[in-house]
Amino acid sequence: MNHSTETQMQIRKPAAEVFNAFIDPAITTNFWFTKSSGKLEIGKDVKWEWEMYNVSATVATKEIVPNEKIVFEWGEPERRTVEFSFKSLSDGSTYVTAKEYGYRETGDALIAAIKDSTGGFTTVLDGLKAWLEHGINLNLIGDKFPKEVMQHGK
């Protein structure tokens, strides 16, 4: 069985601008990770960092269709696939869908992984919307797991 997560959000900006927000780390760092070793490109691995959590991920871009789709693999030790799709709407806005699949967990571990991924990508898309539409960095990723909360468990 192929389990996956899917989240989505309308962003009131053109597809080219929304697409570029995921390709260009100078933009992405305003709503997702804090540091990147470079832009997403097919055949080139980049390292994304969340410095406040001392966490990083190696991202291997598998497919880029300008203004339509980005597919990459990430995760250690198990690799998962993430696909962002960008649909232009008639009012000039963009409907972004984020999917993650390739889960190998089972039972309660699978439920926890899907819950974590769904919440995470929802937060990313919410932050994207605030940044691109209003120029506001809500610090959603940084505020998701404050140290005092994490010391006592989720």
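Bear in mind these aren't lab numbers, they're just calculated from the coordinates by the rules spelled out. Bear in mind the structure is a predicted one, so any value in this text is a computation, not a measurement. Cβ sites come from the backbone with ideal geometry, for glycine too, and all protein chains shown count toward neighbours.
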Where in the range 40-154 are there helices (runs of 4 or more DSSP H), lying fully within it, with 2 or more residues that are under 15 Å from Phe19 (Cα atoms) and touching a Ser or Thr at 6+ places or on another chain (Cβ under 9 Å)? 107-134
Go through the range 89-119 and report how many residues are surrounded by 17 or more Cβ atoms within 10 Å (Cβ to Cβ) and touching a residue at least 12 places away in the same chain (Cβ under 8 Å). 8
Please tell me if Ser37 is touching a Lys or Arg at 6+ places or on another chain (Cβ under 7 Å), surrounded by fewer than 15 Cβ atoms within 10 Å (Cβ to Cβ) and of a type outside the set (Asp, Glu). yes
Filtered residues of the range 1-34 (kept if in contact with a Ser or Thr (Cβ under 7 Å, 6 or more places away or on another chain), assigned to a strand (DSSP E or B) and under 23 Å from Gly75 (Cβ atoms)): Thr5, Glu6, Thr7, Gln8
By residue number, the members of the range 1-30 that are more than 20 Å from Glu41 (Cβ to Cβ), among the hydrophobic types (A, V, I, L, M, F, W, C) and surrounded by fewer than 19 Cβ atoms within 10 Å (Cβ to Cβ) are Met1, Met9
